[in-house]
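One structure below.
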């Protein structure tokens with residue numbers, strides 16, 4: 001019989017790894033690079049520890065976007081990685097269109113709790129017209145953690161919200177717990193090293209950072225970034 005996965009040991013490994021990465025932070029490029037290294041390590045570990053996933057498949061694929069109507073929280077370094085990706089890969093017109101959609105979405109969802117946001121069914125501003133994620137390569141850790149083992153059942157469950165039902169989605173729990181562990185330990189590392197470690201709403205943080213890139217310097221110096 002296979003021994004259960006030791007998440008406590010894994011958490012300590014992630015904490016040590018993320019502390020090593022954060023000690024070399026000097027600006028936006030370094031922050032974006034460390035987030036990349038962290039997510040690459042996560043994806044590697046998901047494949048490496050596949051035996052613990054008990055055959056749970058993931059049915060999520062390009063163009064689904066059924067779960068992209070949820071509140072998503074990120075850590076500031078993730079916002080840096082996303083904003084730099086957008087600035088490198090989006091044209092001026094695409095960036096302007098994205099800004100407008102983020103501002104519109106923020107106006108509709110800023111004060112909504114998780115249940116209210118789900119009921120509203122307002123899609124993420126980073127979905128294209130085909131329902132695919134435009135920032136998939138740098139998507140937040142918590143976006144990576146949400147999966148479904150049955151795409152159709154997932155869409156049906158989320159549709160029940162509009163009928164005052166209780167959504168129940170079967171997901172790959174090992175996948176979710178592994179990535180949630182990384183998110184929590186990365187947040188602990190930021191706090192330990194004196195950086196702003198507050199969870200921030202995805203749209204709020206990225207839009208604010210695009211408007212005020214000097215926030216990166218404030219973050220590196222240990223100041224609290226003005227994102228609410």
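The values are calculated or read from the model by the stated rules, or taken from the named source; none is laboratory data. Since we're looking at a predicted model, the values are computed, not measured. We place every Cβ from the backbone using ideal geometry, glycine too, and count neighbours over all the protein chains shown.
So that you can scan it fast, the table gives a plain yes or no per residue for (1) modelled with pLDDT under 90; (2) farther than 30 Å from residue 213 by Cβ; (3) loosely packed, with under 12 Cβ neighbours inside 10 Å; (4) out of contact with any helix residue (DSSP H, G or I) (no Cβ under 8 Å at 6 or more places or on another chain):
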residue	(1), (2), (3), (4)
2	yes, yes, yes, no
9	no, yes, yes, yes
14	no, no, no, no
18	no, no, no, no
25	yes, no, no, no
34	no, no, no, no
37	no, no, no, no
41	no, no, no, no
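Quick check on this structure: which one of 148, 132, 83 is buried (at least 18 other Cβ atoms within 10 Å of the Cβ) and modelled with pLDDT under 95?
Exactly one residue qualifies, and that residue is 148.
Here's the yes/no breakdown for (1) at pLDDT 90 or above; (2) over 20 Å from the mean Cα position of the chain (by Cα):
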position: 94; (1), (2): yes, yes
position: 112; (1), (2): yes, no
position: 127; (1), (2): yes, no
position: 144; (1), (2): yes, no
position: 152; (1), (2): no, yes
position: 162; (1), (2): no, yes
position: 171; (1), (2): no, no
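So which residues in region 197-226 are buried (at least 19 other Cβ atoms within 10 Å of the Cβ) and in a loop (DSSP other than H, G, I, E, B)?
Residue satisfying the conditions is 225 alone.
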